[in-house]
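Single-structure report; data block below.
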Amino acid sequence: MTMDRRTALKTFSVLALGLQAGAGALRPADAENIDANEMIEARRKAMSNVNEIVVRYLSAWNERDATRRRDLVAKTWSEDGTYVDGARQGAGHGDIDAMIAKAQEHFPGYRLALVSGIETHHQYVRFSWAAGGTTEAPLYIKGTDIGTIADDGRLKSVIGFVDAAPARP
């Protein structure tokens, strides 16, 4: 079977969207029956899901109520999800929740806020956040996190990097 240029471009676009959309992704055979508006809508839906993941992720780090935080962790990470940065790590919902609770004890009053756009391709997501610089939390901390999105649309893994932090005494 030969493909004309238009069908080939649509196939590659559908494949790219399918890789980003994860579960429920479009198949190459769908390219014959998809129009530009459907492609735009599929891309918008995939990006909306990634945005929701990042918002829930930041909300989990900010939530002080243990029950609500555990619920956010479960909605944000897959059962075998992991987090690691230079100071902490956790694997599974219980470890990740305990890790966040401990970070909150060390940094009372700190709230993470998104300070960048959310970049995504394939199953990866990258974004930057900042916390502090306020009366309640005077030391400014900024970081970038890179995550892998599982097939179920939750985070499979997150690797955190600190971009700016107070100097060590």
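The values are calculated or read from the model by the stated rules, or taken from the named source; none is laboratory data. Here the structure is a predicted model, which is why all the values come from computation and not from measurement. For neighbour counting, all protein chains shown are included, and Cβ atoms are generated from backbone atoms with ideal geometry for every residue, glycine included. In case anyone asks, the SASA skips ligands and DNA or RNA and just uses the protein heavy atoms, side chains included. Shrake-Rupley method; radii C 1.70, N 1.55, O 1.52, S 1.80 Å.
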Local electrostatic count at Q104 - Lys and Arg +1, Asp and Glu -1, tallied over other residues with Cβ under 14 Å
+2
The answer for the net charge of residues other than T82 whose Cβ lies under 10 angstrom from its Cβ, with Lys and Arg +1 and Asp and Glu -1, is -1
May I ask you to give the percent of accessible area on the range 66-169 that is carbon plus sulfur, with a probe radius of 1.4 Å?
56 percent
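Multiply the residue gap between D151 and A113 by 0.36 nm, knock off their C-alpha separation, and tell me the result in nm, one decimal place. Each step should come with its number before you reach the end.
Working: separation 38, 0.36 × 38 = 13.68 nm, distance 2.63 nm.
Taking 0.36 nm per residue and subtracting the Cα distance, the gain is 11.1 nm.
Under a 1.4 Å probe, what is the accessible area of the range 71-169 per residue, stated in Å²?
On the way: 5550 Å² over 99 residues.
Value returned for the range 71-169: 56 Å² of accessible area per residue.
Out of the range 62-119, which trypsin sites (Lys or Arg not before Pro) are coil in DSSP terms and have no more than 13 other C-beta atoms within 10 Å?
For trypsin sites (Lys or Arg not before Pro) across the range 62-119 that sit outside H, G, I, E and B with at most 13 neighbouring Cβ atoms in 10 Å, the list reads R64.
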Under 19 Å by backbone N from the virtual spin label 7 Å along Cα-to-Cβ at H122, the residues of the range 68-91 are 82
